Amino acid sequence: MPGIAVLLSSTLVRADEPSLSLPKVIEYSLQNNGELKALREEKGIRDAGKVRAGLLPNPTLDLEAGTGALTGSSNENSLALGLSQEFFLAGKRDKRLSIAERELEIYRWQLIDRERLLRDEVKTAFYDAVLAKERLALTDRSIALNRQLLDVTKERLAAGDIPELEMNLVKVELARSEGSRIEVAKAMLQSQARLWTLMGLPAGSQAAIEGKLEAGAPATKSLVDLKQLAHGNRPDIKALEAEKGRGDADVILAEAERTPNLTAGLVFRRDTTAMEIGGVEGKDTAYTIGVKLSMPIPVFDRNQAGVQEARAKRSSTESRLAAATRNVERDVETAYTSVLNAEKVLSLYKSNIIPQLEENLKLTQESYRLGEVGILSVIQEQKKFFEVSDGYLTALHARQLALVKLESAVATDINGGVQ
């Protein structure tokens, strides 16, 4: 991680430093994303809960003093000093520690699941930024081609081959392409800002990204295999399973709470009494030490409400776990279908459309140079070229995002490794 930070800080300062690839962007985001860092800090809350569950109640100190001064017996008084301690019965302390352990386990899986979702968001924002960058390059090429076409029209106009209207049409197309570049550049800044926010970059900082949209290798795993991976790897499912385990522990503790706790105490008492014999008043002081045991009698409240509440919460968790398991399968099916559809669209572009684009554009431009076609044919062909090229970029982007969603649904990198 220090190497990533050094690379990033260098990139922010000097433009000639290497750009950040997707793996480095993800790694930096996992370390610096604000929401994720806040969630990591919550571990202290769970640790405190575990400490609290293992603590015994504090002992109670009782002090009692009495005097007979108000009743006319000023020489009579009493003093009692007691120390009592409550003791858990039925293993309640161990059962509370078990619940605290379950809470920690739930938290760990929730943290892993948030990291999974952050990877999804970061990858999506990264490819959005890459798409915007490649669209900007495409508009730059559009501007360059329109400028080349404008030079050709100027030459042909000077030679008297074309009317001035054709050159004006090209000027309009050049202005339109320059206007489009402004909009694309704005969209690129917005997508980059979204990525910087997810990465947790300081305000005012920026970083260059390194990547491009590629068709990539097709998905090779079957839908059945992907579903099995999802069931074994999805941290949200594991968090619900841990929550179900905590529900069982809650029921066990609630049933143990039917047994009241025992309070044992030690009492030291001093009593001073006065008596008069034959006109002579005397005092007598007695010291006693006693043991005190107390326990509520479970006649009316045997923690029926607590047991009912714990069982209801456990049933709710079981229902949510069953629903989440079904939803995971549906997520995998939807993402898998999206990947297959995106690959079909890309296949059409690569096999039937893209190979002819460049050739058709060059032939039309050369034909116009030779005076075989009009300017409108060139303009239309250039528009078609850039529309189709933009559609191809969109298809590449859609396939990449579909793959990201599939990896997130399975909680596994398609190329290997659990997220």
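The values are calculated or read from the model by the stated rules, or taken from the named source; none is laboratory data. As the structure is a prediction and not an experimental result, all values here were calculated from the model. Using ideal geometry, Cβ is built from the backbone for each residue, glycine included, and neighbour counts are taken over all protein chains shown.
Those residues that are under 20 Å from Gly290 (Cβ atoms), charged (D, E, K, R) and surrounded by 12 or more Cβ atoms within 10 Å (Cβ to Cβ), I need them from segment 50-75; list them, please. Can you show your working first?
Filtering segment 50-75 for residues under 20 Å from Gly290 (Cβ atoms) gives 59-66.
Those left that are additionally charged (D, E, K, R): 62, 64.
Residue satisfying the conditions is Asp62 alone.
Return the residue satisfying two criteria in turn: it lies in segment 50-68 and is aliphatic (A, V, I, L, M) and within 30 Å of Arg270 (Cβ to Cβ), and of such residues it is nearest to the chain's Cα centre (by Cα).
Quick first cut of segment 50-68, residues aliphatic (A, V, I, L, M) only: 51, 53, 55-56, 61, 63, 65.
Next cut, within 30 Å of Arg270 (Cβ to Cβ) only: 56, 61, 63, 65.
Values: Leu56: 37, Leu61: 49, Leu63: 55, Ala65: 61 Å.
Ranking the candidates gives Leu56 first.
In segment 390-419, what count of residues is obtained for those that are polar (S, T, N, Q) and modelled with pLDDT of 90 or more?
3
What pairs come up if the first residue lies in segment 257-280 and is within 22 Å of Ser294 (Cβ to Cβ) and at pLDDT below 95, the second is surrounded by 14 or more Cβ atoms within 10 Å (Cβ to Cβ) and of a type in the set (Phe, Trp, Tyr), and their beta carbons are under 8 Å apart, counting only those six or more places apart or on different chains?
So the pair list comes out as Asn261/Phe88.
Matching residues to (1) surrounded by 13 or more Cβ atoms within 10 Å (Cβ to Cβ); (2) touching a residue at least 24 places away in the same chain (Cβ under 8 Å):
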{"residue": "Val122", "(1), (2)": "yes, yes"}
{"residue": "Asp128", "(1), (2)": "yes, yes"}
{"residue": "Glu134", "(1), (2)": "yes, yes"}
{"residue": "Thr139", "(1), (2)": "yes, yes"}
{"residue": "Lys154", "(1), (2)": "yes, no"}
{"residue": "Ala185", "(1), (2)": "yes, yes"}
{"residue": "Pro202", "(1), (2)": "no, no"}
{"residue": "Ala208", "(1), (2)": "yes, yes"}
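May I ask you to list the residues in segment 279-332 that are of a type in the set (Val, Ile, Thr) and in a strand (DSSP E or B)?
Of all residues in segment 279-332, those of a type in the set (Val, Ile, Thr) come to 280, 285, 288-289, 291, 297, 299, 307, 317, 325, 328, 332.
If the condition is that a residue be of a type in the set (Val, Ile, Thr) and in a strand (DSSP E or B), then Val280, Thr285, Thr288, Ile289, Val291 are the ones that fit.
Could you list, in sequence order, the residues of segment 77-106 that are assigned to a helix (DSSP H, G or I) and aliphatic (A, V, I, L, M)?
Passing the criteria: Leu97, Ile99, Ala100, Leu104, Ile106.
I'm trying to understand the selection: among the residues of segment 284-302, which are over 23 Å from Ser84 (Cβ atoms) and of a type outside the set (Phe, Trp, Tyr)? If you could, list the steps in order and put the result at the bottom.
In the first step, residues of segment 284-302 are kept if they are over 23 Å from Ser84 (Cβ atoms); the result is 284-285, 300, 302.
Correct list: Asp284, Thr285, Arg302.
Among (1) under 25 Å from the mean Cα position of the chain (by Cα); (2) hydrophobic (A, V, I, L, M, F, W, C); (3) surrounded by 15 or more Cβ atoms within 10 Å (Cβ to Cβ); (4) not in a loop (DSSP other than H, G, I, E, B), which single condition is Ala193 missing?
(3)
In segment 307-353, what residues are basic (Lys, Arg) and touching a residue at least 24 places away in the same chain (Cβ under 8 Å)?
The first filter runs over segment 307-353 and keeps only residues basic (Lys, Arg), leaving 311, 313-314, 320, 326, 330, 344, 350.
Arg311, Lys313, Arg314, Arg320, Lys350 - these are the residues of segment 307-353 that are basic (Lys, Arg) and touching a residue at least 24 places away in the same chain (Cβ under 8 Å).
Name the single residue, out of those in segment 370-419 being small (Gly, Ala, Ser) and not in a helix (DSSP H, G or I), that is surrounded by the most Cβ atoms within 10 Å (Cβ to Cβ). Please lay out each step first, then the result.
Kept after step one, since they are small (Gly, Ala, Ser), are these residues of segment 370-419: 371, 374, 377, 389, 391, 395, 398, 402, 408-409, 411, 416-417.
From what's left, not in a helix (DSSP H, G or I): 371, 374, 411, 416-417.
Numbers: Gly371: 11, Gly374: 14, Ala411: 23, Gly416: 6, Gly417: 8.
Restricting to residues being small (Gly, Ala, Ser) and not in a helix (DSSP H, G or I), the top hit is Ala411.
Can you go through Glu76, Glu86 and tell me which one is over 30 Å from Ala53 (Cβ atoms), charged (D, E, K, R), touching a Ser or Thr at 6+ places or on another chain (Cβ under 9 Å) and modelled with pLDDT under 95? Don't jump to the end; show me each part of the working.
Details: Glu86 fails: over 30 Å from Ala53 (Cβ atoms).
When all the criteria are applied, what remains is Glu76.
Could you tell me which of the residues Thr259, Thr273, Thr263, Thr220 is within 30 Å of the chain's Cα centre (by Cα) and of a type in the set (S, T, N, Q)?
Details: Thr259 fails: within 30 Å of the chain's Cα centre (by Cα); Thr273 fails: within 30 Å of the chain's Cα centre (by Cα); Thr263 fails: within 30 Å of the chain's Cα centre (by Cα).
Of Thr259, Thr273, Thr263, Thr220, the one residue that is within 30 Å of the chain's Cα centre (by Cα) and of a type in the set (S, T, N, Q) is Thr220.
Could we say that Thr272 is in a strand (DSSP E or B) and either hydroxyl-bearing (Ser, Thr, Tyr) or closer than 22 Å to Phe88 by Cβ (or both) here? Steps first, please.
Values: in a strand (DSSP E or B): yes; either hydroxyl-bearing (Ser, Thr, Tyr) or closer than 22 Å to Phe88 by Cβ (or both): yes.
Yes.
Among residues belonging to segment 234-243 that are buried (at least 21 other Cβ atoms within 10 Å of the Cβ) and among the charged types (D, E, K, R), point out the one that is farthest from Ala90 (Cα to Cα).
Arg234
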